[in-house]
Every structure is written in structure tokens, then in C-alpha cells.
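Novice: I have a structure here, written as C-alpha cells, and I will follow up with some questions on it.
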Amino acid sequence: AYMTRACEPVLNGTTNTIFSVYNEVSQSGNNGIFQNGGPTDGKLLYILRTASGNPTLFDLDSNGAKLQSLALFNSVNESVIMSLDYNGGSGNLFKNGSGASSNSFGGSSFNCSTGTLDLGRYFYGGIYPADGGYLNGLIGDFIYFNQVLSASDRQIVECYLSNKYNIPLGHTCP
């Protein structure tokens, strides 16, 4: 199942911090976590299988990755807290509160002239069920800030999610 509604332009700013708690029950296809916009515009956060299961923040307008994990991020049936921040030119990716190896690329032009806001689906067009990459798993929480949070503020949100889902973190909580 996925959630969909009208595209939200406020979610397509160039700076953001995103948190997602998810668990993949199988790892096949490109699994969408968040998309705001249509198949050729907007912001997309998905797990890219061609890169061995790496979470990727993608700019559909420029057809390019903006932040991508350099290693397999999670295993099947592993609940994770994924945190990322992106300032329009560079970013950081975190797994369970610890830095994850990633590359970031500058120049974002996120917009939302067409399409919808989807959680749990990467919509690329067509007719259901062949219209997108659906997350093969569960999303517990999705939290979006339209700014890059400080490290201490990011850790507060990670601690909240850790306590809620009993997922250990790579840092101590206040």
C-alpha cells in the first residue's frame, strides 16, 4: 500500500532534512520511499537497485542523483532509521544515527509542476500495477524538514525514532 495526494510545492525546496523508518521485506526493483512531483519533475527518495540497494535522493527535473549511498544500506527485514540532509549542493546520509558513505552532487531544481506526493511509491507513469516502483516493505515514520538541521537537532529526532521503534543508534541520546 502507498499514500498519495496532490503535489506539495513546499516540499521541493533545495534544502531539507529527511527521516524515514522503513523495513524492506524483499529487495527487488527500485523501491520508492517518497516522491513529490511527476515522472519528469520533482523530488524522489528511493532505493536504487542498480546501485546494490542504495538510498538515493534524486532530482527528476535534471534527471540526476543529488545524494546517494555508496554501499548496501540495509538487509531484508532489517528495520532502519535513515536520515539525510541536503543543502542544495551537498549532503550527508545516516543509518541509525551513524554516518553512511555517500556521494553528493550539487545543483537542484526540484519543482512540482505535475504529479503527486507519494509515500511508498516511485511513480514513473503508466497504469497500475506497472506504474511505479513500490516499496516492498513497511514505512513506520516519514519526517521532513525544509531546512538542514544541526547535528544535535538531527540526533534528537533520531533518538525519538529510536525510542519509538526500539532501533539502536550509533550515538547516545540525551
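Any read-out appearing in this document is the output of simple, stated calculations on the displayed coordinates, not a laboratory observation. Fair warning: this is a prediction, and the values are worked out from it, not measured in the lab. All Cβ positions, glycine included, derive from the backbone under ideal geometry; neighbour counts span all protein chains shown.
Novice: Taking only the alpha carbons of the chain, what extent do you get along each of the three principal axes, in Å, biggest first?
Specialist: That gives 45, 32, 27 Å along the principal axes, largest extent first.
Novice: Sticking with this structure for a sec: What does the extension gain come out to for N163 and T4, with contour length at 0.36 nm per residue minus their alpha carbon separation?
Specialist: Details: separation 159, 0.36 × 159 = 57.24 nm, distance 2.78 nm.
Length difference between fully extended and current span is 54.5 nm.
Novice: On to the next question. Taking R0 as 22 Å, what's the FRET efficiency between C173 and F145 from their Cβ-Cβ distance, rounded to 0.05?
Specialist: On the way: r = 19 Å, r/R0 = 0.85.
Efficiency at R0 = 22 Å is approximately 0.70.
Novice: log₁₀ I(q)/I(0) of region 91-134 at q = 0.34 Å⁻¹, via Debye over equal Cα point scatterers, no solvent, to two decimals?
Specialist: -1.11
Novice: Right, another one. Take region 36-107, drop everything but the C-alpha atoms, weight them equally and run the Debye formula without solvent; then report log10 I(q)/I(0) at 0.16, 0.19, 0.23 Å⁻¹ to two decimals.
Specialist: Each listed q maps to, in turn, -0.53, -0.74, -1.04.
Novice: Could you pull the Rg and Dmax for region 115-154, using just the Cα atoms, both in Å?
Specialist: 14.4, 44
Novice: For the Cα atoms of the chain, what angle does the longest principal axis make with the long axis of helix 151-165, in degrees from 0 to 90, nearest 10?
Specialist: The angle comes out at about 90 degrees.
Novice: Go ahead and estimate [θ] at 222 nm for the chain from helices alone: -39,500 (n - 2.57) per DSSP H run with n ≥ 4, summed, over the residue count, rounded to 500.
Specialist: Values: 1 runs with 15 residues, N = 174.
Helix contribution divided over all residues of the chain: -3000 deg cm²/dmol.
Novice: For N103 and D153 in the same chain, what is the full-extension length gain: residue separation times 0.36 nm, less their Cα-Cα distance, in nm?
Specialist: Values: separation 50, 0.36 × 50 = 18.00 nm, distance 2.27 nm.
Fully extending the segment from N103 to D153 adds 15.7 nm.
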